[in-house]
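Quick notes on the structure that follows.
The values are calculated or read from the model by the stated rules, or taken from the named source; none is laboratory data. Every value quoted in this text rests on a predicted model; they were computed, and no experiment measured them. We place every Cβ from the backbone using ideal geometry, glycine too, and count neighbours over all the protein chains shown. Ligands, DNA and RNA are excluded from the accessible area calculation, which covers all protein heavy atoms including side chains. Shrake-Rupley method; radii C 1.70, N 1.55, O 1.52, S 1.80 Å.
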Amino acid sequence: DVAARNGDIIDDPAEVGGWPVLATGAAPADADSDGMPDAFETSVGLNPNDAADRNGDADGDGYTNLEEHLNEAAREQVGMG
């Protein structure tokens, strides 16, 4: 318990259930290698052949287009997507 300042330091992931088994598969197509899958870029009106668009802010909310993609991917992983 961190709040009570007692407990043990974890020496091995096996002590707390180990690492999860993650699904494997092929990475989605990313023609311009900008870190955003082509399908995502197309769905939000970006050019899947222009790597520079990763740094833009298509919706003007202060997050880059790449951050938008990463945030969406994270939401999907935790079931919020």
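Summary table
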| item | result |
| --- | --- |
| Extension gain, Ala4 back to Ala23 (0.36 nm per residue minus Cα-Cα distance, nm) | 3.2 nm |
| Among Gly62, Gly45, Gly18: highest mean-square fluctuation, GNM of the chain, C-alpha pairs under 10 Å | Gly18 |
| Computed Rg/Rh of the chain, alpha carbon atoms with Kirkwood Rh | 1.19 |
| Among Ala52, Ala39, Ala14, residue whose mean-square fluctuation peaks in a GNM of the chain (springs only between Cα atoms under 10 Å) | Ala14 |
| Gain on full stretching of the segment that runs from Glu72 to Ala51 - 0.36 nm per residue minus C-alpha separation | 5.7 nm |
| Accessible area of the chain divided out per residue, in Å², using a probe of 1.4 angstrom | 78 |
| Under Karplus coefficients 6.51, -1.76 and 1.60, residue-wise ³J(HN,Hα) of region 29-43 in Hz, glycine/proline x | 4, 9, 4, 9, 6, 9, x, 10, x, 3, 4, 5, 4, 4, 5 |
| Folded to 0 to 90 degrees: helix 65-77 orientation relative to the chain principal axis, Cα | 50 |
| Of Asp32, Asp11, Asp57, the one that fluctuates the most in a GNM where the chain has Cα springs shorter than 10 Å | Asp11 |
| Cα-centred dipole magnitude for the chain, charges only on beta-carbon of K, R (+1) and D, E (-1), debye, nearest 20 | 220 |
| Whole-percent carbon and sulfur share, accessible surface of the chain, 1.4 Å | 53 |
